[in-house]
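K.L.:
The structure's right below; bear with me while I get my questions together.
The values are calculated or read from the model by the stated rules, or taken from the named source; none is laboratory data. From a predicted model like this one, the values you see are computed outputs, not experimental measurements. Note that we place each Cβ from the backbone using ideal geometry, even for glycine, and neighbour counts take in every protein chain shown.
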């Protein structure tokens with residue numbers, strides 16, 4: 001159940017290291033970004049003092065994790081492996097030298113019943129909208145089953161809800177804690193769609209050249225099942241001359257917070273044979289414009305030189 005939520009939050013579904021965390025990301029940290037849906041009144045954790053402290057999901061093997069709400073309106077999530085006991089790990093002869101906490105952004109609306117919770121992972125289409133409530137026995141109930149980015153917010157709880165139990169009022173994180181920003185990791189996961197697609201296209205072009213002694217002029221010619229348009233990127237092959245020396249491919253980001261890519265496959269003579277080499281240039285900063293044509297080397301010992309504003313991956 002938890003891993004199915006991950007696949008919805010991360011459209012590329014490639015950042016496996018976030019699997020346990022993003023599966024329970026219906027909790028989050030305060031953000032300065034405006035809430036763009038439901039015209040919901042915004043509040044911070046200071047106005048919900050009973051949330052401050054350390055919470056744990058119990059008796060749900062193997063997904064034991066802790067959530068720490070601080071008085072400053074931040075939330076950190078720690079996901080522990082099943083063989084660790086205790087909220088922060090350890091016990092049973094095991095220990096965690098540098099526990100990893102994930103930090104997420106949220107907006108909460110206390111004027112509705114149940115309260116509304118928005119998990120901010122990017123644009124409104126990427127955000128998750130759900131509900132939560134404080135139960136009479138002091139637990140937090142959160143609806144999480146079947147949530148998808150941009151979907152209509154649920155209005156009532158179902159069997160797909162989960163309960164968090166408060167275990168401590170302490171909010172200070174353990175010493176040597178590592179903190180990872182979930183929204184940034186989510187963005188990297190989306191960008192990994194582009195790098196994986198580009199890598200597949202580059203390899204397919206190399207194979208195509210070996211068979212036909214020229215490069216393919218269209219994505220369809222590569223026959224690798226890649227679509228030219230996805231929710232996040234547009235993919236193109238840019239034919240070059242007679243397609244026998246080099247070919248360019250691009251991944252143009254559709255969202256301003258993502259990076260764009262230009263890939264190239266080129267021929268380098270090596271004695272009596274022709275070698276196909278490949279490289280990808282990535283914009284140094286988020287951009288919907290792909291890097292210009294890189295400088296293609298003529299010797300095997302040289303590397304592709306990416307144009308200004310981009311770097312070699």
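K.L.:
Give just the number: which of (1) out of contact with any strand residue (DSSP E or B) (no Cβ under 7 Å at 6 or more places or on another chain); (2) assigned to a loop (DSSP other than H, G, I, E, B); (3) at pLDDT 90 or above; (4) exposed (fewer than 14 other Cβ atoms within 10 Å of the Cβ) does residue 224 not satisfy?
P.N.:
Exception for residue 224: condition (4).
K.L.:
Exactly one of (1) part of a loop (DSSP other than H, G, I, E, B); (2) over 27 Å from residue 294 (Cα atoms); (3) in contact with a helix residue (DSSP H, G or I) (Cβ under 6 Å, 6 or more places away or on another chain) is unmet by residue 185. Its number?
P.N.:
(1)
K.L.:
Same structure again: Go over the candidates 270, 213, 196 one by one and state the one that is over 21 Å from residue 300 (Cβ atoms), surrounded by fewer than 15 Cβ atoms within 10 Å (Cβ to Cβ) and touching a residue at least 24 places away in the same chain (Cβ under 8 Å). Spell out the reasoning first.
P.N.:
Numbers: 270 fails: over 21 Å from residue 300 (Cβ atoms); 213 fails: over 21 Å from residue 300 (Cβ atoms).
Only one candidate passes the filter, namely 196.
K.L.:
Check whether at least one residue in the stretch 225-238 is farther than 30 Å from residue 125 by Cβ and without any contact (Cβ under 8 Å) to a residue 24 or more places away in the chain, and report yes or no.
P.N.:
Of all residues in the stretch 225-238, those farther than 30 Å from residue 125 by Cβ come to none.
Checked against the condition, which is being farther than 30 Å from residue 125 by Cβ and without any contact (Cβ under 8 Å) to a residue 24 or more places away in the chain, the stretch 225-238 yields no hits at all.
K.L.:
Across the stretch 256-267, what is the number of residues that are out of contact with any helix residue (DSSP H, G or I) (no Cβ under 8 Å at 6 or more places or on another chain) and surrounded by fewer than 19 Cβ atoms within 10 Å (Cβ to Cβ)?
P.N.:
Of the residues in that region, 1 qualify.
K.L.:
If you take the residues in the stretch 156-172 that are in a strand (DSSP E or B) and in contact (Cβ under 8 Å) with a residue 60 or more places away in the chain, which one is surrounded by the fewest Cβ atoms within 10 Å (Cβ to Cβ)? Give the derivation first.
P.N.:
Of the residues in the stretch 156-172, the ones in a strand (DSSP E or B) are 161-168.
This time we only want the ones that are in contact (Cβ under 8 Å) with a residue 60 or more places away in the chain, so: 162-168.
Values: 162: 19, 163: 15, 164: 22, 165: 14, 166: 18, 167: 14, 168: 12.
Filtering the stretch 156-172 for residues that are in a strand (DSSP E or B) and in contact (Cβ under 8 Å) with a residue 60 or more places away in the chain, the one surrounded by the fewest Cβ atoms within 10 Å (Cβ to Cβ) comes out as 168.
K.L.:
Would you mention how many residues in the stretch 116-155 are within 26 Å of residue 54 (Cβ to Cβ), in contact (Cβ under 8 Å) with a residue 60 or more places away in the chain and buried (at least 19 other Cβ atoms within 10 Å of the Cβ)?
P.N.:
16
K.L.:
Here is a further query. For the list (1) within 30 Å of residue 235 (Cα to Cα); (2) in a loop (DSSP other than H, G, I, E, B), I need the number of the one condition that residue 175 fails.
P.N.:
With respect to (1) within 30 Å of residue 235 (Cα to Cα); (2) in a loop (DSSP other than H, G, I, E, B), residue 175 is out only on (1).
K.L.:
Run down 294, 307, 269 and say which single residue is modelled with pLDDT under 95 and closer than 22 Å to residue 241 by Cβ.
P.N.:
Values: 294 fails: modelled with pLDDT under 95; 307 fails: modelled with pLDDT under 95.
Of 294, 307, 269, the one residue that is modelled with pLDDT under 95 and closer than 22 Å to residue 241 by Cβ is 269.
K.L.:
Same structure again: Would you call residue 208 crowded, with 19+ Cβ neighbours inside 10 Å and in contact with a strand residue (DSSP E or B) (Cβ under 8 Å, 6 or more places away or on another chain)? It would help to see each step written out before you state the result.
P.N.:
Details: crowded, with 19+ Cβ neighbours inside 10 Å: yes; in contact with a strand residue (DSSP E or B) (Cβ under 8 Å, 6 or more places away or on another chain): no.
So residue 208 does not fit the description; no.
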